[in-house]
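First the structure, in the form of structure tokens, and then the observations on it.
The values are calculated or read from the model by the stated rules, or taken from the named source; none is laboratory data. As the structure is a prediction and not an experimental result, all values here were calculated from the model. All Cβ positions, glycine included, derive from the backbone under ideal geometry; neighbour counts span all protein chains shown.
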Amino acid sequence: MFNKILLPVDLEDRATARDALREAARYLSGPEAELHVMSVIPGLNMPIVASYFPEDAVERALKELKRELTQLVRETVPELTHCYEHIGEGNAAQQIIEQAEKLDSDLIIMPSHNYSSLEQILIGSVTSRVVERAHCSVLVLRKPKQKK
């Protein structure tokens, strides 16, 4: 079991996020173990992108993301007393790896979205980048394949 787990979730896929939260709680070593849940929004501070948004758009987006993440955690795993929410902005894989190092996590749990091979090529894989670069163990949670 693990004492400090980082669980990145995509709030666009709440069903997967809820399942991952419940599963991550099972890997905690005891009542004092910590679960750190994070979500990342794309880099909106890039000058070319930022010029299209009001000045405080990034701050407002991050504040709303934190509120939604906190709500999801409280609704899904209210029994966890050592559960903390974190938000990031920019490259998701890089943000996850940096947060894991900052927290000195001993496990990162990455929920998998089961994209097709073509989707994987087109959108890249945050999970594969985290697996390649993380300083600690990485567990990939896969959804069971839907039977046709």
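Could you please give the count of residues in segment 56-93 that are touching a residue at least 24 places away in the same chain (Cβ under 8 Å), under 27 Å from Arg133 (Cα atoms) and within 15 Å of the chain's Cα centre (by Cα)? The number of residues fulfilling the criteria is 15. Residue count for segment 131-142 satisfying the condition of being closer than 11 Å to Met110 by Cα, touching a helix residue (DSSP H, G or I) at 6+ places or on another chain (Cβ under 9 Å) and free of Cβ contacts under 8 Å to residues at least 60 places away in the same chain: 2. How many residues are crowded, with 22+ Cβ neighbours inside 10 Å and closer than 12 Å to Leu35 by Cα when one looks only at segment 93-106? Total satisfying the criteria: 2.
Against the conditions (1) in contact (Cβ under 8 Å) with a residue 60 or more places away in the chain; (2) over 11 Å from the mean Cα position of the chain (by Cα), Leu11 satisfies every one except (2). Is there a residue being assigned to a loop (DSSP other than H, G, I, E, B) and either in contact with a helix residue (DSSP H, G or I) (Cβ under 9 Å, 6 or more places away or on another chain) or at pLDDT below 95 (or both) anywhere in segment 83-93? Looking for residues that are assigned to a loop (DSSP other than H, G, I, E, B) and either in contact with a helix residue (DSSP H, G or I) (Cβ under 9 Å, 6 or more places away or on another chain) or at pLDDT below 95 (or both), one finds at least one in segment 83-93, hence yes.
Among residues of segment 107-141 being crowded, with 19+ Cβ neighbours inside 10 Å, in contact with a Ser or Thr (Cβ under 7 Å, 6 or more places away or on another chain) and not in a helix (DSSP H, G or I), the one that is modelled with the highest pLDDT is Leu107. For Ile96, the requirement of being touching an Asp or Glu at 6+ places or on another chain (Cβ under 6 Å), of a type in the set (Val, Ile, Thr) and closer than 19 Å to Val126 by Cα is not met. For segment 37-55, state whether one or more residues are part of a loop (DSSP other than H, G, I, E, B), surrounded by 15 or more Cβ atoms within 10 Å (Cβ to Cβ), within 18 Å of the chain's Cα centre (by Cα) and modelled with pLDDT of 90 or more. There is no residue in segment 37-55 that is part of a loop (DSSP other than H, G, I, E, B), surrounded by 15 or more Cβ atoms within 10 Å (Cβ to Cβ), within 18 Å of the chain's Cα centre (by Cα) and modelled with pLDDT of 90 or more.
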